[in-house]
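The block underneath contains the structure these notes are about, expressed in structure tokens.
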Amino acid sequence: MLVDQTPSQGLYGAPSADLVDLPEGAIQFSPLIPGSDSLEARDDESLQGLVMLAPPGTIERRSAMAHALRALAVGAPFTVLAPKAKGGSRLSKELSAFGCVVAETARRHHRICVVSRPVAPIGLAEAIAEGAPRRLDDLGLWSQPGIFSWNRIDPGSALLEQHLSGLSGRGADFGSGIGFLSIAALRSPDVQHLTLVDIDRRAVEAARRNVTDPRAAIVWRDVRDPAADLAALNFVVMNPPFHDGGTEDRALGVAFIRKAAEVLRTGGSCWLVANRHLPYEADLKLLFKRVVVILESGGYKIFEARK
């Protein structure tokens, strides 16, 4: 992607306009908004201002703020906010550690910090390196802080991986992450093509390193709005998310299930792992002809739903 390097206003995430003034015409940099620009690729001192809804994870948040300070022109305003319980209480201390003079306010359970980019910020390179992509030797996979379950295999995915040996035809991996389930699916020589879809640009970039099988296509997109050519599939595999901004939201998983039913051909199957407490059975039975619980173990359920 070509990045406009002229001085501009930036926006990271989707902070509420009730909390901060949002710059008009700002360039979006959040890796969780498909089509946004990459803050990492932005030239040093090329932004004239930035507003950031800071990520909740400490390593990810410090790295994102360090990239923002690197990309901001000297003296440019930088507004950072986060819910108090999701990193907001640490913002002032973290920004001060970068050499910033912080003006902090509180509103609606958020902490809001405003700084001017100092002439010589402290510790940016270290924070950026800590949050950078890396190969996890114990997994043999590339990942990055901020990706879901970035430094371990999610137990639900590990359980589902054991049941993906007999797939065939054309399929998709919804919410594919760094590609763990896709690698398992592609072990079957009968799989003709597999589309990996994820909303996180960092996960997509990691998956492109991890999944090198020529039968795979990897796209950065919200599963709820996938490419139009995803149709008449033989199978879909998924470990759908059920948190939105840290709050449990069963509707996310239901949206994944509905999309799977939309893109599968008659007789196609959806392989789904979910936490045992999530009541997806009713939604599956409304959309699929046959629903079988393959396994219940360790707080998880594996479903095969056939259209």
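Observations
- For segment 1-110, the calculated P(r), taken from all Cα-Cα distances in 10 Å bins from zero up to the bin holding the longest distance, is 15, 51, 32, 3 percent.
- Reachable lysines from residue 259, criterion Cα separation under 28 angstrom, eight or more residues apart if same chain: 285, 289, 301, 307
- Under-5 Å amide H pairs with residue 141, H placed in peptide plane, nonlocal only: 136
- Annotation: per residue accessible area for segment 11-112 equals 44 Å², rounded to a whole number [probe 1.4 Å, protein chains only].
- Total formal charge among the other residues, if their Cβ is under 13 angstrom from that of residue 62, Lys/Arg +1 and Asp/Glu -1: 0
- Around the Cα centre of segment 39-157, unit charges on the Cβ atoms of Lys, Arg, Asp and Glu (plus for the first two, minus for the last two) sum to a dipole of about 560 debye.
- For the peptides 270-281, 208-219, the ranking by mean Cβ contacts within 10 Å, running from highest to lowest, is 270-281, 208-219.
- Kyte-Doolittle mean at least -0.5, axial Cα span of 18 Å or more - DSSP H helices of the chain: 58-71, 250-263
- Net charge over other residues, Cβ less than 11 angstrom from the Cβ of residue 45 (K, R count +1; D, E count -1): +1
- Here the chain has 52 percent of its accessible surface on carbon and sulfur atoms, given a 1.4 Å probe and all protein chains in place.
- Nearest-0.05 FRET efficiency for residue 277 and residue 148, computed from C-beta distance (R0 22 Å): 0.75
- Stokes-Einstein translational diffusion, segment 121-274 - Kirkwood Rh over all Cα pairs, 0.890 mPa s, 25 °C, in µm²/s: 154
- Per residue, segment 115-187 exposes 44 Å² of accessible surface when a 1.4 Å probe is rolled over the protein heavy atoms with every protein chain present.
- The length gained by stretching the chain between residue 250 and residue 139 to full extension, at 0.36 nm per residue less their Cα-Cα distance, is 37.0 nm.
- For the chain, the Cβ-based charge dipole about the Cα centre amounts to some 720 debye (Lys, Arg positive; Asp, Glu negative; other atoms uncharged).
- Each principal axis of the Cα cloud of segment 190-307 was evaluated for its coordinate range; sorted largest first, these ranges are 36, 35, 26 Å.
- Antiparallel content of DSSP bridges confined to the chain, in %, to 5: 50
- Over segment 81-136, the alpha carbon radius of gyration divided by the compact-protein estimate 2.2 N^0.38 Å works out to 1.29.
- Amide H contacts under 5 Å for residue 99, placed H, 5+ residues apart: 122
The values are calculated or read from the model by the stated rules, or taken from the named source; none is laboratory data. In this text the structure is predicted, and so the values were computed from the model without any measurement. So basically every Cβ, Gly included, is an ideal-geometry build from the backbone, and we count neighbours across all protein chains shown. When the accessible area is computed, the model is the full protein with side chains, heavy atoms only, and any ligands, DNA or RNA have been set aside. Shrake-Rupley method; radii C 1.70, N 1.55, O 1.52, S 1.80 Å.
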